[in-house]
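Report on one structure; see the data block that follows.
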Amino acid sequence: MKTIILVGWFLVYSSGGYAYEKSDTFYVQVHDQFVKVLSPDQYKENLSVIVENKMNQKLLGKLVKGNGERVGFYSIVPQSMSSLDVVLKKQERLFFVPLSPSFQEVELQIGKKSYEIPPER
């Protein structure tokens, strides 16, 4: 079964668990045992961060810059997603921090394509 979901200005095309992102969007999937990130190819000042909760429990998390500045919070019911827009300077770092259930923070790295982070509990 193929699904197409339109979220804000971001289009996710899913066929068997794969998603294709726009060049200015981070797509973060939070699973029970790992976090998968699809990142933009190149830096852009205005970015979106979409977080999808693939677990069977509510996900609470926050988005922060490397200097500790909070960008926003996520509260996502199971099998749903949410998006935040970010203005990021070229040398700034960006992190997704799962609060409940608590996993390690995930650095969102531009140009790294697709990567997975196992949780540290």
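The values are calculated or read from the model by the stated rules, or taken from the named source; none is laboratory data. This is a predicted model, so every value here is computed, not measured. Here the Cβ positions follow ideal geometry from the backbone for every residue, glycine too, while neighbour counts run over all protein chains shown.
Per-structure values
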{"item": "Condition check for residue 62: assigned to a strand (DSSP E or B) and of a type in the set (Lys, Arg)", "result": "yes"}
{"item": "Of residues in the stretch 8-37 being at pLDDT below 50 and among the hydroxyl-bearing types (Ser, Thr, Tyr), the one surrounded by the most Cβ atoms within 10 Å (Cβ to Cβ)", "result": "14"}
{"item": "Residue in the stretch 71-89 that is over 12 Å from residue 49 (Cβ atoms), at pLDDT below 95 and in a loop (DSSP other than H, G, I, E, B) present", "result": "yes"}
{"item": "Candidate set from the stretch 38-78 (those that are more than 22 Å from residue 114 (Cβ to Cβ) and among the acidic types (Asp, Glu)); member that is surrounded by the most Cβ atoms within 10 Å (Cβ to Cβ)", "result": "45"}
